[in-house]
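Written out below as structure tokens is the structure these notes cover.
What follows is calculated from the coordinates using simple rules that are stated; it is not laboratory data. Just so it is clear, the model here is predicted, and its values are computed rather than measured. Positions of Cβ are generated from backbone atoms using ideal geometry, with glycine treated the same way; all protein chains shown enter the neighbour counts.
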Amino acid sequence: MAQRYDVSLKSLFQHDGDGIIRRRLFGARVTEHLATEQPQVLNNRADLVVRTEDGLLHHVEFQAANESDFGRRMFEYYAYLHAAHKQHVVQTVVYLGREPLRLESVYSTPSMDFRFAIVNLREYDADLLLASDDWADIALALLANGDREKTLAVAVGRLRQMGREERAWASGTIILLSGILGIEDTVNERMKEAGMIDLMENKIVGPMILQAEQKGRDEGRQEGRQEGRQEGRQEGMQAGMQGLLLELLTEKFGTLPEWATERIRTASSKDLHGWAKRVLHSASLEDTLR
């Protein structure tokens, strides 16, 4: 699912939980998240690959559009994952697009019929998902069959019960998923009306940026007083922004590759500031640091 929603969807299932959708996809508790990137010659990256406690390997693909020749892509995923892990791969597509489902769950050639499962989220009862304790179910209820206003009210109520860090992540997922329906503004307004942070205007990341900048200024002033140079202030601000960005990117994308950390270490203050604002809505590390 090569768009900005895949990171949020993956993060829903990378956090602990035991909800309805999770059980439908995996059937057992996840014990390991596996690498999803394939060799560059295929130029594909699976959305989610996990191993469950019963030893089965599961590949989940999130799809927001009816894509022609989609079955062939699923077959390519299967062929690579089977070769890489030397075992059968249980494949499930989660469809959450606005249009009626038209994807075929089979890829046929004269020599084979390759099949995989499709879960149409539109067929799920939103009220059933809202009764779950798993935030993945609550967030995905927005895309299920039900009263959207009720879903938003329940979701906001659950967000209020979370700690600050968990709330920031969970709020981000539901804001981004609302983009699939084109209702980001509506969801954002409901959060503002409830006294929640305005994510669409970077109010979560914004204060962190300002705090890092202020810390940098303070350190810079101190260094400047000690050395009597303006450069001290600039270096302090730069270090503060670098540290903030590294923390944000690691939290969102995991351990950073060497090229990313090197780029941050050598970037200008303008680039650092822009990247820190972009990280909340970007779909990949490459998109953030473009």
Seminar exercise, completed: Once Lys and Arg are counted +1 and Asp and Glu -1 for all other residues with Cβ under 10 Å from that of residue 94, the total becomes -1
Problem set entry | Label-point separation in nm, residue 86 to residue 287, each point 7 Å along Cα→Cβ | 3.6 nm
Problem set entry | Length gained when the stretch residue 67-residue 102 is fully extended (0.36 nm per residue, less Cα-Cα span) | 11.8 nm
Seminar exercise, completed: Taking a crude spin-label model, label points 7 Å out from Cα along the C-beta direction, the residue 269 to residue 54 distance in nm is 5.8 nm
Problem set entry | DSSP bridge pairs, region 71-191: antiparallel proportion in percent, nearest 5 | 45 percent
Problem set entry | P(r) weight above 18 Å for region 1-123, C-alpha pairs, percent | 52 percent
For this session: Work out, step by step, the length gained on full extension between residue 18 and residue 131: first 0.36 nm times the residue separation, then minus their alpha carbon distance; give nm to one decimal.
Result: 39.4 nm
Seminar exercise, completed: For residue 131, the net charge from surrounding residues (Cβ-Cβ under 10 Å; K, R +1; D, E -1) works out to -4
For this session: Measure off 7 Å from each Cα along the Cα-to-Cβ vector at residue 35 and residue 166, then give the distance between these two points in nanometres to one decimal.
Result: 3.3 nm
For this session: First select every other residue whose beta carbon is under 10 angstrom from the beta carbon of residue 106; then total the charges, Lys and Arg +1, Asp and Glu -1.
Result: -1
For this session: Treat the count of other C-beta atoms within 10 Å as a stand-in for reagent exposure and order 98, 263 from fewest to most.
Result: 98, 263
